[in-house]
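A.B. asks: I have a structure I would like to understand better, so I am pasting it below and will then ask my questions one at a time.
The values are calculated or read from the model by the stated rules, or taken from the named source; none is laboratory data. Bear in mind that the values here come from a model prediction, so they are computed numbers and not experimental data. Positions of Cβ are generated from backbone atoms using ideal geometry, with glycine treated the same way; all protein chains shown enter the neighbour counts.
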Amino acid sequence: MKRIYSYGFVLTFIWIGFLLAISFMEAPLKFQAPSVTTAIGVEIGKIVFKALNALEIIFSMYFVLQIGYVYKLDKKLFVLIFFLFIIVMIQSIYLLPTLDRYADIVINGGSSPSKIAHIVYVIFEVVKLFLLFFVGFRQLSWFKKEIIAVYEKVVK
C-alpha cells in the first residue's frame, strides 16, 4: 500500500491538468466562438463537467482508500485531502445537479434562475486547485524522501 501511495503525486498532477484544462480553459473559451450559442455552450458544458466529475470521484476514492496511510504519514496532508474530498462531494451531490437543472432551463430557451450556485462552484474549483497543488507538492516531498532513503540503503 505504501508503494502505491508513493506515486500518488502523479494522479494529483493529472487531476490538476484536467481541472486547469476544463474548468479554467475550456469552459470560458467555448463561449467566445461566434457560432456557439449560449444553449449549445451550456449543453456541452453539462456533458464535459459530468465527465470531469466522474474522474474526480475516482481520483477522490483513490485518496480515501489511502487515508489510513496518509494519516500516519502526514496529518496536514490528511486534512488537505479531507477538504478536497468534501469539496468534490458537495459539488457531486448538490452543486452539479443544481447546475444541471439550471442548464436544462437555459437549453430549453429560458434563463438561469440563479447565478449563486455557479459562483459557489467556481469558488470551489479555485479552492480545489490550490488544495491539489498543496497535496501534490506534499506528496512529491514524501516521494523524494522515500527515494533518498532507498538510495542511501543501496549505497551503504
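A.B. asks: Residues of the range 15-69 being more than 21 Å from GLN139 (Cβ to Cβ) and among the charged types (D, E, K, R), which ones?
C.D. replies: Matches in the range 15-69: GLU26, LYS30, GLU43, LYS46, LYS50.
A.B. asks: Just to be sure before I move on: is TYR102 of a type outside the set (Val, Ile, Thr), in a helix (DSSP H, G or I) and more than 18 Å from SER6 (Cβ to Cβ) in the structure I sent?
C.D. replies: Yes.
A.B. asks: Another question, if that's okay. Quickly run through the range 1-17 and pick out the residues that are without any contact (Cβ under 8 Å) to a residue 60 or more places away in the chain and surrounded by 15 or more Cβ atoms within 10 Å (Cβ to Cβ).
C.D. replies: LEU11
A.B. asks: Hey, can you tell me all the residues within the range 101-156 that are among the hydroxyl-bearing types (Ser, Thr, Tyr) and within 15 Å of the chain's Cα centre (by Cα)?
C.D. replies: TYR121
A.B. asks: Hey, another quick one. Taking interchain pairs and intrachain pairs at least six residues apart, which have beta carbon atoms under 6 angstrom, with the first residue in the range 133-144 and farther than 8 Å from LEU77 by Cβ and the second β-branched (Val, Ile, Thr) and crowded, with 17+ Cβ neighbours inside 10 Å?
C.D. replies: Close Cβ pairs (under 6 Å, with a partner that is β-branched (Val, Ile, Thr) and crowded, with 17+ Cβ neighbours inside 10 Å) amount to GLY136/THR12.
A.B. asks: Something else: Which members of the range 21-56 meet the condition of being exposed (fewer than 14 other Cβ atoms within 10 Å of the Cβ) and in contact (Cβ under 8 Å) with a residue 60 or more places away in the chain?
C.D. replies: Scanning the range 21-56 gives a single hit, THR38.
A.B. asks: So is LYS128 out of contact with any helix residue (DSSP H, G or I) (no Cβ under 9 Å at 6 or more places or on another chain) and of a type in the set (Lys, Arg) or not?
C.D. replies: Spelling it out, it is not the case that LYS128 is out of contact with any helix residue (DSSP H, G or I) (no Cβ under 9 Å at 6 or more places or on another chain) and of a type in the set (Lys, Arg).
A.B. asks: Here's a follow-up. Since THR98 meets every condition but one in (1) among the hydroxyl-bearing types (Ser, Thr, Tyr); (2) at pLDDT below 95; (3) closer than 20 Å to PRO28 by Cα, which condition does it not meet?
C.D. replies: Checking THR98 against (1) among the hydroxyl-bearing types (Ser, Thr, Tyr); (2) at pLDDT below 95; (3) closer than 20 Å to PRO28 by Cα, the one that fails is (2).
A.B. asks: Is one or more of the residues making up the range 36-53 at pLDDT 95 or above, among the aromatic types (Phe, Trp, Tyr) and within 20 Å of ILE107 (Cα to Cα)?
C.D. replies: Yes, some residue in the range 36-53 is at pLDDT 95 or above, among the aromatic types (Phe, Trp, Tyr) and within 20 Å of ILE107 (Cα to Cα).
A.B. asks: Could you identify the single residue in VAL135, VAL88, VAL70, VAL150 that is modelled with pLDDT under 85, among the aliphatic types (A, V, I, L, M), farther than 30 Å from THR37 by Cβ and buried (at least 16 other Cβ atoms within 10 Å of the Cβ)?
C.D. replies: Details: VAL135 fails: modelled with pLDDT under 85; VAL88 fails: modelled with pLDDT under 85; VAL150 fails: buried (at least 16 other Cβ atoms within 10 Å of the Cβ).
Result of the check over VAL135, VAL88, VAL70, VAL150: VAL70.
A.B. asks: Just to check your reading of the model, which residue among SER114, SER92 is closer than 25 Å to ILE58 by Cβ and of a type in the set (Gly, Ala, Ser)?
C.D. replies: SER92
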